[in-house]
Amino acid sequence: MTTPGDSAAEIWPLWEVFVRSNRGLSHVHVGSLHAPDETLAVRNARDLYTRRSEGVSVWVVPAAAITTSDPDAKGAFFESPAGKNYRHASYYSKSEGVKHL
Amino acid sequence: MTDAVNKDSIEVDAHGHVAVDVTTLDAELIEGPSVATPDVAEYALWLGDDSLVLAQQLGAWISRAPELEEDVALGNVGLDLIGHARSLLHYAGTATDRTEDDLAYWRTEPDFRSLHIVEQPNGDFAHTIARQFIVSHYLFELHSRLRASADATLAAIAAKAVKEVDYHRDHSTQWVLRLAQGTDESRRRMITALSDLWPYVEEIFRDDPLIDRLEGIAVRPSSLRPAFDAAIAPVLAEAELEIPRGFVASGGGRTGKHSEHLAFLLAEMQVLTRAHPGASW
Amino acid sequence: MTSTITPDTSAPVAISVEEQQFNDLIEADSRIEPRDWMPEGYRKSLVRQISQHAHSEIIGMQPESNWITRAPSLKRKAILMAKVQDEAGHGLYLYSAAQTLGATRDDMTDALIAGKARYSSIFNYPTPSWADMGSIGWLVDGAAICNQVPLCRASYGPYGRAMVRICKEESFHQRQGFEILLELMQGTEEQRQMAQDSVNRWYWPALMMFGPPDDDSPNSAQSMAWKIKRHSNDELRQRFVNMLVPQAAVLGVTLPDPDLHFNEETQQWDLGEIDWTEFHEVLAGRGPNNAQRLQRRRDAHDEGAWVREAAAAYAHKQSARTEEMAAK
Ligand SMILES: [Fe+2]
Ligand SMILES: [Fe+2]
């Protein structure tokens, strides 16, 4: 299932924009825009989403190229982690008080 | 003007609670320690007027661009150019104790020093792009060289401007390629625009006696021509556009002889300010 | 604030799992995201509200862009250009948010230029003087900010996120407007008159931006139940006037409401009667500049068609070429 928004009926496709606000940080989704191709998409993203020095790097991805998890299967998709507390450090209480652990 | 001023800006957290914090802002104008000599001031006017007139033209596009993204893009280019114009006119004004606004709003047409190419009307999007393509490539070569000027203020202005016009050059290049090779209509319009603007290219690279008096400070226009030609050639080749042949416009902007368009442009730009002499805004 | 209006009493007693989930999310003050199930009415009212909001940003560029070429100083020219450019960005962010609900920008634009979509009627007033740049910033952007800050918490995720970005950018709009008026009020007699005349013209229309009075606002209750809207029209209007009065004093302008007075009991500023007939006239398309605003939008769109087509054609040719190269 693709991300919502893209429509083949539009003359310019929709692009999702991700901006890295500073070195050392991940690119974060900031919004979307329309552009005829990737060359202009990344420039439009620069003009639109970094006018106030919001970023040091920009990604653009065709909205149609993004696959998302199916929301109807939401329960099933994200159920598994619940109950597996042993993945979290706070599960291990016996070491409490021991330094540098 | 101080190097940095504090201004509040609004932070909104993920839940929309708005708080005000403080950011440090860069200097608005690039200023040097010195007062411009009359010759340097004249040269700063040349360059400042080019940027100002072009910015004024681009300002008229906002809310009329072919797509919203392009409104924003042209706005950014225009804002960069206003920035260059302000720094240059400010510097020019130091010679005669005038402000950037005195120079922008209170000079009449014969005192302007802009090139004819920047005075050419916006026309359709292809004309604006052709004008941008020519002027941005010229400005990039100019500022690249002006960075090494013996005049510290001009060098500092150029050092910032060169990065910005590099982007303008790219923006117009992308559009030249698309318009030239998009549809039959866009190609026809691009060819027309290029041949309408090309006659004004020659004036850009003409040397004026002033240049002889500013050795090491100003960039000799004629010396930029080879780099300009070399930079645009591959783009025109890829776009399958030919350099138009035809007449060469007489030019004369540097000595105050202007195209018919400039008077209208100035009339609009200056109308309010001139209705209120002495007022501040 | 917390408003407890029972959501949609017309709903059937037995509701689906998805609907229960939706109601729970709203109840918990969480966010609805694009792929979530949502009631058709919720989707429709969001698309309506977000697209109207986007159209307002776009049409709203015009009364101000009129003055970019005539701004009285280079600094003001730069500020105004940056401001109008921001509004284009706001329109874009909002069209994108509406797009996550299945509306396309092309369709929304078509509806706008066909005159079928609404936008904030404030932008149908003319800007005959430079002082209007001040009044629009101070009063119109000011009212918009009052409306928009609570929308940062709208229950629909993409809308709220767009509003967060917009509110951040709006922060300078109101201040630059205030500063324009302040400069004028500290200037010549002519400039002061220009400022006062402009405030007189924009004050009431700005108050009307909050929408009809609560007892005459058909969509409000449902919007509040769905937590798209967080405060009533009258509440926001009152909050706005309370902020304006001391600001007007700093400026030295008078607000054109002879009945405006401080109510000791409520500690609020009571305002005079709003002329809603005018509001409805403008809303119905009979405002001073309705036709002109739409025509300009239509012209920009029509004159840009060949450019958009050219870029699309070029992109197709390029990707065909890339595929050809890959096949070799
Ligand atoms: Fe806005
Ligand atoms: Fe605004």
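If each residue's Cβ is checked for other Cβ atoms within 10 Å, how do B:ASP80, C:ASP215 rank with the fewest at the top? Walk me through the numbers on the way to the answer.
Numbers: B:ASP80 20, C:ASP215 9.
Going from sparsest to densest Cβ surroundings: C:ASP215, B:ASP80.
Rounded, prolate or oblate: which fits the range B:34-270 when a ≥ b ≥ c are the square roots of the eigenvalues of the alpha-carbon gyration tensor, with rounded for a/c under 1.5 and prolate only if a/b beats b/c? Could the numbers behind the result be given before it?
Working: a/c = 1.68, a/b = 1.46, b/c = 1.15.
Here the range B:34-270 falls in the prolate category.
Starting from the Cα-Cα distance between A:GLU54 and A:THR68, subtract it from 0.36 nm times their residue separation and give me the gain in nm to one decimal.
Working: separation 14, 0.36 × 14 = 5.04 nm, distance 2.64 nm.
Going from the current span to full extension adds 2.4 nm.
C:ASP214 versus C:GLU27, label points 7 Å from Cα toward the beta carbon: distance in nm?
Label at C:ASP214, label at C:GLU27, 2.5 nm between them.
Check each of the trypsin sites (Lys or Arg not before Pro) in chain A and keep only those in coil by DSSP with at most 10 other C-beta atoms within 10 angstrom; list them in order. Before the final figure, lay out each step's value.
Working: sites: A:ARG20, A:ARG23, A:ARG43, A:ARG46, A:ARG51, A:ARG52, A:LYS74, A:LYS84, A:ARG87, A:LYS94, A:LYS99; in loops: A:ARG23, A:ARG51, A:ARG52, A:LYS84, A:LYS94, A:LYS99.
Qualifying residues, ordered by number: A:ARG23, A:LYS84, A:LYS94, A:LYS99.
Can you pull a Stokes-Einstein diffusion coefficient for the protein assembly as shown at 25 °C (0.890 mPa s), Rh from Kirkwood over Cα pairs, as a whole number of µm²/s?
Values: Rh = 27.8 Å.
Here the translational diffusion coefficient equals 88 µm²/s.
So for A:VAL56, C:VAL164, B:VAL162, fewest C-beta neighbours within 10 Å to most, what's the order?
A:VAL56, B:VAL162, C:VAL164
GNM on chain C, C-alpha springs below 10 Å: top fluctuator among C:ALA195, C:ALA78, C:ALA144?
Top of the fluctuation ranking is C:ALA78.
Between B:GLU28 and B:PHE247, how high is the FRET efficiency from 1/(1 + (r/R0)^6) when r is the Cβ-Cβ distance and R₀ = 41 Å? Nearest 0.05. Walk me through the intermediate numbers first.
Working: r = 42 Å, r/R0 = 1.02.
It comes to 0.45.
Does chain A come out rounded, prolate or oblate, given a ≥ b ≥ c as the square roots of the eigenvalues of its C-alpha gyration tensor, rounded meaning a/c under 1.5 and, failing that, prolate meaning a/b above b/c? Kindly include the intermediate steps, with their values, before the conclusion.
Working: a/c = 5.22, a/b = 1.69, b/c = 3.08.
Because a/c hits 1.5 or more and a/b fails to exceed b/c, chain A counts as oblate.
List the trypsin sites (Lys or Arg not before Pro) in the range B:228-281 that DSSP assigns to loop (not H, G, I, E or B) and whose Cβ has at most 15 other Cβ atoms within 10 Å. Which are they? It would help to have the intermediate numbers written out before the result.
Values: sites: B:ARG245, B:ARG254, B:LYS257, B:ARG274; in loops: B:ARG245, B:LYS257.
Within the range B:228-281, the qualifying trypsin sites (Lys or Arg not before Pro) (loop, at most 15 other Cβ atoms within 10 Å) are B:ARG245, B:LYS257.
Under 10 Å, Cα contacts only: if you run a Gaussian network model on chain C, which one of C:ILE15, C:ILE180, C:ILE136 comes out with the highest mean-square fluctuation?
C:ILE15
Between the range B:50-74 and the range A:26-101, what is the separation of their alpha carbon centroids in Å?
Going from one Cα centre to the other spans 35 Å.
Taking the Cα-to-Cβ direction at A:TYR86 and at B:ARG206 and moving 7 Å from each Cα, how far apart do the two end points lie in nm?
Distance between label points: 8.5 nm.
Checking the cross-link filter: which lysines have an alpha carbon closer than 18 Å to that of C:LYS317, excluding same-chain neighbours under 8 positions apart?
C:LYS328
Counting other beta carbons within 10 Å of each Cβ, put C:SER121, B:SER223, C:SER65 in order, fewest first. Intermediate results must be reported in sequence, preceding the final value.
Working: C:SER121 23, B:SER223 13, C:SER65 26.
If I rank by nearby Cβ atoms, fewest first, I get B:SER223, C:SER121, C:SER65.
Considering just Cα atoms, how many Å³ per residue does the convex hull of chain C enclose? Show your work: numbers first, answer last.
Numbers: hull volume 56.3 nm³, N = 328.
It is 172 Å³ per residue.
Using a Gaussian network model of chain C with C-alpha springs under 10 Å, which one of C:GLY177, C:GLY89, C:GLY41 is most mobile by mean-square fluctuation?
C:GLY41
Picking from A:ALA82, C:PRO256, B:TYR105, whose Cα lies most toward the positive end of the charge dipole for the protein assembly as shown (charges on Cβ: Lys, Arg +1; Asp, Glu -1)?
A:ALA82
By its C-alpha gyration tensor, with a ≥ b ≥ c as the square roots of the eigenvalues, how is the range B:75-175 shaped: rounded for a/c under 1.5, else prolate for a/b larger than b/c, else oblate?
Working: a/c = 2.23, a/b = 1.28, b/c = 1.75.
It is oblate, given that a/c is not under 1.5 and a/b is not larger than b/c.
Could you tell me the number of lysine pairs in the range C:15-286 with C-alpha atoms less than 21 Å from each other, where the two lysines are 8 or more residues apart or belong to different chains? Can you show the working numbers first?
Numbers: C:LYS44/C:LYS116; C:LYS44/C:LYS227; C:LYS44/C:LYS229; C:LYS75/C:LYS83; C:LYS83/C:LYS168; C:LYS168/C:LYS229.
So the count works out to 6.
By how many nm would the segment from B:ASP170 to B:ALA150 grow when fully extended, if each residue of separation counts as 0.36 nm and the alpha-carbon distance is taken off? Don't skip to the answer; put the middle values down first.
Values: separation 20, 0.36 × 20 = 7.20 nm, distance 2.85 nm.
Between B:ASP170 and B:ALA150, full extension yields an extra 4.4 nm.
Read-outs throughout are calculated quantities, based only on the coordinates presented, and are distinct from any laboratory measurement. From a predicted model like this one, the values you see are computed outputs, not experimental measurements. Cβ: placed from backbone, ideal geometry, glycine included. Neighbour counts: every protein chain shown.
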